[in-house]
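J.: Sharing a structure here in structure tokens format.
Every number in this text was worked out from the coordinates using simple rules, so none of it is lab data. Note that this is a predicted model, so its numbers are computed, not measured. For neighbour counting, all protein chains shown are included, and Cβ atoms are generated from backbone atoms with ideal geometry for every residue, glycine included.
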Amino acid sequence: MIRPATVADAEAIGEVHVRSWQAAYEGLIPADFLARLSASSRAAAWARRIGGGGRVLVAEEDGVIAGFAAFGPSHLYALYLLPEFWGRGLGRALHDRAVEEMSGESAVLWVLATNERAKAFYVRQGWVDDDARQTETIDDGRVTLEEMRYRRRLP
């Protein structure tokens, strides 16, 4: 089931966020950074975002929050699933619902340039690399992320 997130979902969303980063970015982002990720601090940030009116959807299966998507009118900010739910269609369902709720002619997202799994997923969903690139630093400048922008027309 895909539904709008509530503040009560923030703890589960924080857990999904951290566990998915640790699995998806293993070998792509320094291991010490991934090990230090805090589900509780992520949960607090998600509670603020949801409580402030941020658009977040969750995928729930058998009472478990398996994944989430955060988006704006024309931007997909985040799409993450617990690793044990990868490859089961929940990511596509979350994606499709988020895209349905976007507005405008097109939307964009940024993806880690070395994340081949995510890039392939987005291409299958109709996103195209538009050649824009950016460098983001996290962890007080200790981790540098090279990102690519993808774009797609909205329905």
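J.: For region 21-40, state whether one or more residues are in contact with a His (Cβ under 9 Å, 6 or more places away or on another chain) and part of a helix (DSSP H, G or I).
T.: Within region 21-40, one or more residues are in contact with a His (Cβ under 9 Å, 6 or more places away or on another chain) and part of a helix (DSSP H, G or I).
J.: Another one. Name the residue that is surrounded by the most Cβ atoms within 10 Å (Cβ to Cβ), counting only residues in region 1-53 that are among the acidic types (Asp, Glu) and more than 15 Å from the chain's Cα centre (by Cα).
T.: Selected residue: ASP9.
For (1) under 27 Å from ARG153 (Cβ atoms); (2) touching a strand residue (DSSP E or B) at 6+ places or on another chain (Cβ under 7 Å), each residue gets a yes or a no:
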{"residue": "ALA10", "(1), (2)": "no, no"}
{"residue": "HIS17", "(1), (2)": "no, yes"}
{"residue": "ILE29", "(1), (2)": "no, yes"}
{"residue": "ARG36", "(1), (2)": "no, no"}
{"residue": "SER41", "(1), (2)": "no, no"}
{"residue": "GLY53", "(1), (2)": "yes, no"}
{"residue": "GLY72", "(1), (2)": "yes, yes"}
{"residue": "TYR77", "(1), (2)": "yes, yes"}
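So that you can scan it fast, the table gives a plain yes or no per residue for (1) part of a loop (DSSP other than H, G, I, E, B); (2) farther than 24 Å from GLU15 by Cβ:
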site	(1), (2)
ARG48	no, no
GLY53	yes, no
ALA98	no, no
ASP130	no, yes
GLN134	no, yes
THR144	no, yes
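J.: Give the residue that is farthest from PRO4 (Cα to Cα), with candidates limited to residues of region 68-96 that are in contact with a Leu (Cβ under 8 Å, 6 or more places away or on another chain) and outside any strand (DSSP E or B).
T.: SER74
J.: Suppose we filter region 123-140 for residues that are within 26 Å of GLU100 (Cα to Cα) and of a type outside the set (D, E, K, R); how many remain?
T.: 6
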